[in-house]
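Trainee: Next up is a structure, given as structure tokens.
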Amino acid sequence: MYKRQDEENEQERPPAPSTYVKVQFKKDAKQKVFLCAEQSLQRLVEVAEHHRGYCKENLKIKKIHQKGHVISAKFSGNKSCEHSFLWSSSPYLPNKEYLVNARVNHSFSCSGMLPSHYVRFVDGAGIGKISKQKRQAFFQNIKKHIQEEYEDSIYTSVLEEVASYENELGTVDIMTDARHGWRKNAKDTSVVAIGEKTHKVLSCEHVTKSDDIVTQRHERFGTEKIYQHLKNQSVAVGVHAHDRNLSINKFIREECDSESQNDTWHAVKSVKAALKKISCGSTYLEGKTWSSQLDDKVEPVATHFHWAIRNCEENPEKLQALLLNIVQHYKNNHDSCHSTSRCRKDPNYEISRKVITDPRAEKLLLGVIKNSVVFKNPQDYRLCRDTYYVESFNNVVNVYQDKRISFSDEQYNARANLAVCHWNENVDREFTSVWKPNYRMPRSLKGKKNYKKCTYQFRKNIWNRYIKSAFRTRRNQANT
């Protein structure tokens with residue numbers, strides 16, 4: 001009998017409302033959109049169940065107040081129901097901040113997004129907006145945690161770099177470069193040092209005009225700070241590679257025990273520019289400032305420069321001899337060419353470029369070679385060092401520091417720290433495959449790697465530091 005009565009009650013009970021909600025009218029598409037935390041959603045369910053236990057009236061939203069990306073809503077029944085409840089879509093943190101707004105603020109601060117981009121995005125989405133004052137107050141709190149994460153990152157990187165060398169304990173090789181915040185006469189400059197083995201950032205120094213009013217001297221000032229930073233950790237520099245800043249060369253030569261090496265790519269780039277001038281021009285100047293016998297030798301000669309630097313066996317005199325032999329090679333005289341070269345090994349070898357027969361063409365090419373910075377300063381290129389990873393790091397910095405924007409010192413420093421954390425976490429990460437483009441004459445046969453997705457553990461670490469700080473503040477207040 002009881003079972004039959006329960007079945008009748010279940011049949012009389014109305015079905016639960018469908019969880020599928022459809023927009024019926026165009027005006028409903030303009031309803032408020034907000035962010036909600038899981039805990040707050042659960043609390044709303046608990047409040048509704050509690051009210052249903054002693055009142056049959058349905059709760060309805062009477063008033064909504066937007067607070068950033070969070071809403072504070074007032075629920076109440078009909079006129080016959082005097083019950084009302086206040087509900088927030090986000091729980092509070094111990095520092096009395098909304099969790100949702102803090103999470104959005106954190107992601108905004110650690111993503112490199114500009115304030116104007118954030119405002120346009122949230123206004124277009126209609127999900128509320130955190131005020132400028134709130135964002136600035138949050139940044140003042142989070143910047144110290146970003147600095148702590150940066151210091152941990154470079155400290156670990158220095159240890160890994162030192163451990164990568166077996167012979168000389170405490171001596172590392174570095175590559176450095178300066179990146180200016182603006183195109184000309186920049187207020188801010190970042191000077192970065194990257195380890196030769198691990199390719200991780202060992203130090204990134206921020207130099208402003210308060211340190212030196214002349215922007216062109218910022219790289220020298222930042223380099224000195226890098227050496228002092230490494231010295232404080234009992235780390236010495238063995239070989240220092242950079243893109244041939246003469247003030248850095250002088251600093252290393254006169255004040256340091258390390259060896260200066262200049263970037264090969266920048267040097268060969270200037271050689272290619274000089275070769276283009278003697279390989280084409282006006283017709284009436286042919287044979288005077290340029291020669292048609294050199295019009296197919298810009299890239300080949302540049303390749304020969306790279307090959308000579310790599311195969312000079314760290315001998316400056318041999319490097320000069322290999323460079324001078326370029327002219328003889330294109331004159332089809334291969335007596336001094338390397339024994340492993342195809343022009344020496346293959347008896348049927350035929351040169352694929354125009355053979356130089358004109359003495360004026362020979363003189364023009366020889367002049368470019370002898371006037372090149374590699375030929376004049378072979379000791380600065382004998383170890384064949386490049387700053388490729390520094391240039392790649394500067395591309396990552398562009399994600400966080402737009403060169404069109406003049407940041408404050410605090411913002412610039414925080415964004416530089418985020419770029420370092422991003423780089424150290426993802427440099428030389430694993431790849432899934434190698435894509436080889438089907439070019440007719442590829443410059444490189446290595447192919448292009450398809451890397452795995454970047455990870456952003458540093459953002460989680462910064463958030464964890466922020467939360468620990470918030471709860472630590474509450475404990476300190478409770479103890480006092």
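The values are calculated or read from the model by the stated rules, or taken from the named source; none is laboratory data. Bear in mind that the values here come from a model prediction, so they are computed numbers and not experimental data. Glycine also receives a Cβ, built like all others from the backbone with ideal geometry; neighbour counts cover every protein chain displayed. Ligands, DNA and RNA are excluded from the accessible area calculation, which covers all protein heavy atoms including side chains. Shrake-Rupley method; radii C 1.70, N 1.55, O 1.52, S 1.80 Å.
Trainee: Which percent, nearest 5, of DSSP beta bridges in the chain are antiparallel?
Mentor: Taking every DSSP beta bridge within the chain, about 80 percent pair in antiparallel fashion.
Trainee: Hey, another quick one. Among the GluC sites (Glu not before Pro) in the range 233-283, which ones are in a DSSP loop with at most 15 other Cβ atoms within 10 Å of the Cβ? Mind listing them?
Mentor: none
Trainee: Considering only protein heavy atoms, what is the solvent-accessible area of Ile127 at a probe of 1.4 Å, reported in Å² to the nearest 10?
Mentor: Spelled out: Ile127, probe radius 1.4 Å, area about 30 Å².
Trainee: Oh, and also: How many percent of the accessible area of the chain is carbon or sulfur, using a 1.4 Å probe?
Mentor: Roughly 50 percent, rounded to a whole number.
Trainee: Follow-up. Quick one: longest stretch of the chain between exposed loop chymotrypsin sites (Phe, Trp or Tyr not before Pro), exposed meaning at most 10 other C-beta atoms within 10 Å and loop per DSSP?
Mentor: Longest gap between qualifying sites, sites excluded: 26-438.
Trainee: Computed over the Cα atoms, what is the radius of gyration of the chain divided by 2.2 N^0.38 Å, N being its residue count?
Mentor: Expressed relative to 2.2 N^0.38 Å, the Cα Rg reads 1.45.
Trainee: Run through the range 179-240 and list the trypsin sites (Lys or Arg not before Pro) located in a DSSP loop whose Cβ has at most 16 other Cβ atoms within 10 Å.
Mentor: Filter output for the range 179-240: Arg183, Lys184, Lys197, Lys209.
Trainee: Name the shape class, rounded, prolate or oblate, that the alpha-carbon gyration tensor gives for the range 372-455, where a ≥ b ≥ c are the square roots of its eigenvalues, rounded holds for a/c under 1.5, and otherwise prolate holds if a/b is larger than b/c and oblate otherwise.
Mentor: It is oblate, given that a/c is not under 1.5 and a/b is not larger than b/c.
Trainee: Which lysines, if any, have their Cα less than 20 Å from the Cα of Lys56, not counting same-chain residues under 8 positions apart?
Mentor: Lys74, Lys79
Trainee: Which GluC sites (Glu not before Pro) does the range 339-412 hold that lie in a coil by DSSP with at most 14 other beta carbons within 10 Å?
Mentor: Sparse-neighbourhood loop GluC sites (Glu not before Pro): Glu350.
Trainee: What does the helix-only formula give at 222 nm for the chain: each DSSP H stretch with n ≥ 4 adding -39500 (n - 2.57), the total divided by the residues, and the result rounded to the nearest 500 deg cm²/dmol?
Mentor: -15500 deg cm²/dmol
Trainee: Quick one: the Cα spread of the range 106-188 along its three principal axes, in angstroms, biggest first?
Mentor: 60, 32, 22
Trainee: My understanding is that a pair violates if its Cα-Cα distance is over 23 Å; which of Lys26/Lys60; Lys27/Lys134; Lys288/Lys354; Lys197/Lys468; Lys318/Lys446 do that in this structure?
Mentor: Pairs exceeding 23 Å: Lys27/Lys134; Lys197/Lys468; Lys318/Lys446.
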